[in-house]
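The values are calculated or read from the model by the stated rules, or taken from the named source; none is laboratory data. Model, not experiment: these values are computed from the prediction. Neighbour counts are summed over all protein chains in view; Cβ atoms, including those assigned to glycine, are modelled from backbone coordinates with ideal geometry. When the accessible area is computed, the model is the full protein with side chains, heavy atoms only, and any ligands, DNA or RNA have been set aside. Shrake-Rupley method; radii C 1.70, N 1.55, O 1.52, S 1.80 Å.
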Amino acid sequence: MERLSIETIKKYSEINDPVCISIYMPTHKTGVEIKQDQIRYKNLLQQTKSQLEALNLSKSEIDDLLKPLEDLRNETPIWHQMSDGFVVFRSENHFSYNQFPVDFEEMSHVQSSFHLKPLLPLLTGNGLFYVLGLSQKNVRLLEGTKYSMTEIDASFLPE
């Protein structure tokens, strides 16, 4: 999973092809819901296809744009290694997908640029916090962000 940065947002915002597809969806990490995620993704591809048809694109243009997205739907290992949210970007000259620890609202957008607004909250604040773990025999200090948790040397704390 790639961490989102301002540079990444800038890179995506500079892509202005005539047709840019942005797909956002919540996903599940385990359980029978994984199969449902693939079905919901298939439904989002159908919505995307309808939006492309409304732009009067030819069948071959639509097929070319959707081919990598369809292939992604059939890659079973990807669906068994999800986080909370899944994002796909596709244009004539670009194709990428990523997972994020955010439960996105399900949506499909076809515009002349990628729809980046749902990603912006991931950039606000570093979400840094600390947890002090106390037990009768141990003292632990943990530093956390919205993405990870690491233990800090707590030898400076009283026992």
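Assorted remarks:
- The set of residues from the stretch 137-159 being in contact with a strand residue (DSSP E or B) (Cβ under 7 Å, 6 or more places away or on another chain), in a loop (DSSP other than H, G, I, E, B) and surrounded by 10 or more Cβ atoms within 10 Å (Cβ to Cβ) comprises Ala154, Leu157.
- Any hit, the stretch 90-98, residues being open to solvent by 60 Å² or more (accessible area, probe 1.4 Å), in a loop (DSSP other than H, G, I, E, B) and without any contact (Cβ under 8 Å) to a residue 12 or more places away in the chain: no
- When the test is whether a residue is within 16 Å of the chain's Cα centre (by Cα), assigned to a helix (DSSP H, G or I) and in contact (Cβ under 8 Å) with a residue 40 or more places away in the chain, Tyr24 does not pass it.
- For the stretch 71-84, the condition holds for no residue, the condition being that it is touching a residue at least 60 places away in the same chain (Cβ under 8 Å) and among the aromatic types (Phe, Trp, Tyr).
- When residues of the stretch 36-64 are limited to those that are touching a residue at least 12 places away in the same chain (Cβ under 8 Å) and in a loop (DSSP other than H, G, I, E, B), the one surrounded by the most Cβ atoms within 10 Å (Cβ to Cβ): Leu57
- Scanning the stretch 68-122 for residues that are among the basic types (Lys, Arg) and out of contact with any strand residue (DSSP E or B) (no Cβ under 9 Å at 6 or more places or on another chain) yields Arg73, Lys117.
- Those residues of the stretch 12-35 which are at pLDDT below 90, open to solvent by 30 Å² or more (accessible area, probe 1.4 Å) and either in contact with an Asp or Glu (Cβ under 9 Å, 6 or more places away or on another chain) or over 29 Å from Ser58 (Cβ atoms) (or both), in sequence order: His28, Lys29, Thr30, Gly31, Val32, Glu33, Lys35
- Positions within the stretch 68-103 being under 10 Å from the mean Cα position of the chain (by Cα), farther than 21 Å from Val19 by Cβ and not β-branched (Val, Ile, Thr), in sequence order: Met82, Ser83, Asp84, Gly85, Gln99, Phe100, Pro101, Asp103
- Criterion: more than 30 Å from Asp64 (Cβ to Cβ), surrounded by 15 or more Cβ atoms within 10 Å (Cβ to Cβ) and touching a residue at least 40 places away in the same chain (Cβ under 8 Å) - qualifying residue of Leu116, Leu122: Leu122
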